[in-house]
Ligand SMILES: [Mn+2]
């Protein structure tokens, strides 16, 4: 459907922008009746009405080229896309001769340390400790500055003192940057980073290709989500051609499960609950239990997908109270049919249509009740 060559171009037109999709947002197909054969939905880029305009690409390139000291950061609780996108841009910044550093509010999960240079991401809450004063801050894969966590909240003045380049694919992105490379039709931020690197004329090394493919693989659960478009696969093909080891990445991110993680999943599955009609399924993970199981929040990764497989389940909710502050609870929402970004937004959070979350200033039980009520309200 697109004939755009995936070669670096001075003036990038993001490959298959939503221009081709006049079908409107990919509304989930109505559940097929027993008689009907379920229709296979073509993976067309969704029309989010928010393609990145050429001017934004040019402004982003000018920002990067004009900067000398670049600080890169991403959302708290970094995932494969957060790490892969950040690391790829870091390598590009270095290649362009810039001073650069990567910081994150939380440590890089152990199973993502194989990503080249991921070990250079510093868990640094006080940016005065940084060896330089950034003249550009690039925020990757975060729908809002609040999602960056302590790196932002402890350093708000630093974030006001430098222009911000906001690169993200969350539908609810608050456009907090001086320049916003936000494309909700991208399956991962890595997909946008790929275009930006091409626009900057930075050659794609094997390390960078590995980092970006990790982002694509993790955010699409191995190219299985409806967010995958021809453009996603075109980018992935190019990354593979540059030597990114797809099978090895999948092995590392999907088949390196910690014992503690499985025990946490066991707890969640054992304590799974559902609404009388079975459309909402949920589990809560009190901190006392987590302490006993020695589990981390990143251990939840993958559990939602498993629960989502339950027949009849339309919304999955997981609730997790803060280790230090029991009055703060994070709820994650997942659905195949309901726009949970809207549900999350009604709770003060955000995310994607199919996966979203919110931080509630409530203890576990109350937060869960609110999330359930909000989900209920969004089910017709
Ligand atoms: Mn992402």
Conditions: (1) farther than 25 Å from residue 330 by Cβ; (2) within 16 Å of the ligand (Cβ to nearest atom). Residue 134 meets all but one. Number of the miss?
(2)
Specify which of the listed residues (187, 143, 198) is under 28 Å from residue 244 (Cβ atoms), buried (at least 23 other Cβ atoms within 10 Å of the Cβ), out of contact with any strand residue (DSSP E or B) (no Cβ under 9 Å at 6 or more places or on another chain) and touching a residue at least 12 places away in the same chain (Cβ under 8 Å).
187
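Here is a yes/no grid of residues against (1) within 16 Å of the ligand (Cβ to nearest atom); (2) buried (at least 24 other Cβ atoms within 10 Å of the Cβ); (3) modelled with pLDDT under 95; (4) not in a loop (DSSP other than H, G, I, E, B):
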| residue | (1), (2), (3), (4) |
| --- | --- |
| 191 | yes, yes, no, yes |
| 213 | yes, yes, no, yes |
| 216 | yes, yes, no, yes |
| 224 | yes, no, yes, no |
| 235 | yes, yes, no, yes |
| 248 | no, no, no, yes |
Out of (1) within 30 Å of residue 247 (Cβ to Cβ); (2) within 16 Å of the ligand (Cβ to nearest atom), the odd one out for residue 209 is which?
(2)
Look at residue 347 and say whether it is under 19 Å from residue 149 (Cα atoms), touching a helix residue (DSSP H, G or I) at 6+ places or on another chain (Cβ under 8 Å) and crowded, with 19+ Cβ neighbours inside 10 Å.
yes
Given the criteria in the same structural domain as residue 243 (by TED's automatic domain parsing), farther than 27 Å from residue 252 by Cα and modelled with pLDDT under 95, does residue 150 qualify?
yes
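The values are calculated or read from the model by the stated rules, or taken from the named source; none is laboratory data. These numbers come from a predicted model, not from an experiment. Positions of Cβ are generated from backbone atoms using ideal geometry, with glycine treated the same way; all protein chains shown enter the neighbour counts.
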